[in-house]
Amino acid sequence: VGLAGKVKDPSQYELLADHHSEHGPTVVQVRGSLIASSLATLRTNNLFDRYLEHLPTEQHDNVLFVLAASWVPIEVAMAHYGACDAMQLNEAELEAMGRSVSEKLVGTLLGTLVRTARLLIAPKSMPLRQYPKLWDRLLMGGGCRISMLGDNEARIESHGVPMFRFRYFRVAYAALVRGAGLMFQPTLQARIRKATDDSLTIDLTWVQKAK
């Protein structure tokens with residue numbers, strides 16, 4: 001995705017947030033709603049039986065009966081996303097799964113912020129400054145760094161997340177970020193810039209509408 005605005009020199013990037021969880025540098029628990037929404041999406045897309053073939057039997061109860069409002073140990077989350085990854089879905093399927101999970105989660109988590117932003121005609125940076133709050137509602141541990149790179153370009157760097165080793169989770173996470181952003185800016189695009197086993201960098205671009 002090309003840049004839609006003038007990009008600054010790295011030394012001129014505007015740091016919006018540099019968040020470090022009080023629970024340590026690595027995610028140790030995830031909100032049950034992440035897994036619950038993922039399971040619902042698997043069922044909706046007729047992938048649930050295929051998913052169960054890859055989910056370790058000893059984790060069935062831990063995963064399948066997860067409560068949305070609970071905190072789930074990282075080992076359970078790894079079992080779930082490992083099973084999802086083992087299905088080896090194609091890029092289009094992964095994007096669709098991520099969008100669906102985003103729709104289930106984001107409206108509930110960001111509803112008030114979205115309404116406020118629309119009323120105020122808020123700048124692009126306004127919702128990005130709130131990203132750490134979303135992080136702490138979904139993940140316990142790890143952290144994120146949010147920067148504006150130019151007028152229409154931003155970067156989200158997430159670290160300390162063991163699930164990033166799974167392609168399924170990386171693509172779904174990027175789709176979730178884009179889904180959240182689309183609630184504020186309808187021309188937003190997102191692409192994965194860099195990934196490791198526990199970190200992910202996503203570039204966001206606000207594409208200018210053709211005149």
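Every number here is computed from the coordinates shown, using simple stated rules; none is lab data. Given the structure is predicted, the values throughout are model-derived calculations rather than measurements. Every residue, glycine as well, gets a Cβ built from its backbone with ideal geometry; the counts of neighbours run over all protein chains shown.
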Computed from the beta carbon distance with a Förster radius of 41 Å, FRET efficiency for residue 61 and residue 185 to the nearest 0.05 stands at 0.50
Inter-label distance for residue 93 and residue 71, nm, one decimal - labels placed 7 Å from Cα along Cα-to-Cβ:
3.4 nm
Whole-Hz Karplus ³J(HN,Hα) for region 131-148, in order, using 6.51 cos²θ - 1.76 cosθ + 1.60 and θ = phi - 60°, x for Gly and Pro?
4, x, 5, 5, 4, 5, 7, 10, 10, 10, x, x, x, 8, 10, 10, 9, 8
Mind checking the full-extension length gain between residue 14 and residue 52? Use 0.36 nm per residue of separation minus the Cα-Cα distance, one decimal, nm.
9.2 nm
For residue 152, list long-range residues whose amide hydrogen, built 1.01 Å from N in the peptide plane, is under 5 Å from its own amide hydrogen.
5, 6
